1. So what are the ³J(HN,Hα) numbers for region 129-141, from phi and the Karplus equation (6.51, -1.76, 1.60; θ = phi - 60°), rounded to whole Hz, Gly and Pro as x?
2. For a quick protection proxy, order the peptides 153-159, 114-120 by their average other-Cβ count within 10 Å, most packed first.
3. With respect to the cross-link table entries LYS57/LYS118; LYS52/LYS185; LYS33/LYS170; LYS157/LYS181; LYS23/LYS130; LYS118/LYS170, which display a Cα-Cα separation exceeding 29 Å?
4. Per DSSP H run of n ≥ 4, the term is -39500 (n - 2.57); total these for the chain, divide by its residue number, and report the mean residue ellipticity at 222 nm rounded to 500 deg cm²/dmol.
5. Stokes-Einstein diffusion coefficient for region 1-131 at 20 °C in a medium of 1.002 mPa s, Rh from the Kirkwood formula over Cα pairs: what value in µm²/s?
Amino acid sequence: MLPTQILENEHRIIEQVLSCLSKMVLDVTKDGKFDKEMASDAVDFFRNFADKCHHGKEEVHLFPMIEARQMPGSCGPTNVMRMEHDLGREHVRGMTDGIEAASKGDEDAIRSWTNHAKQFIMLLRDHIMKEDQILYPMANQYFTDDDQAELSAKFEKVEEEEMGEGTHEKYIGIANRLAEKYGVKICPEADTSHQAHHCCGH
């Protein structure tokens, strides 16, 4: 499996949780019902699985390799991706900071949390589409077989040394609990009965 295929599989799991976040927004907009536990699980997933693990692989390993192969970085696609990662972090921080007050019924906090959630959903869905359809195919045109093997090994190291054993499975579990709670279909990449390690290349 190519390293970019590993990232694409992770995108499907991230999209699954984005769909759950959309349902949370609908719930709180419709009747003011704010589920603190589910909102906390969602931001935990986005901070650790989507950002630390997934974006970490991209920013520390994929993007520098793309730039080293003479693909434009400073004013090109990787720079745009980094900027969007930072924007996403701001929205996740906004959601995280507002959870406690929103759970107590603070209308301003609920409004702020909802706004950050909506902006984050739109940003990340568009971001994922650009990576899947433009950046990753471009990278694979430039990368040699040795590049791909090196990148795969680095991704594996992220999972084993930086995230730790069992961490990936923990966040798959969170993604699937959220999906069950909000009636969102569990994507094949998150189906632990078939491929618990598949999406991270284990």
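All of the numbers you see were taken from the coordinates with simple rules; none came from a lab. Being a predicted model, the structure only gives us computed values, none of them experimental. Counting neighbours? That spans all protein chains shown, and the Cβs are built from the backbone with ideal geometry, glycine included.
1. Residue by residue, region 129-141 yields 4, 5, 5, 5, 8, 10, 5, 5, x, 4, 4, 5, 6 Hz.
2. Final packing ranking: 114-120, 153-159.
3. LYS157/LYS181
4. Calculated mean residue ellipticity at 222 nm is -22000 deg cm²/dmol.
5. 138
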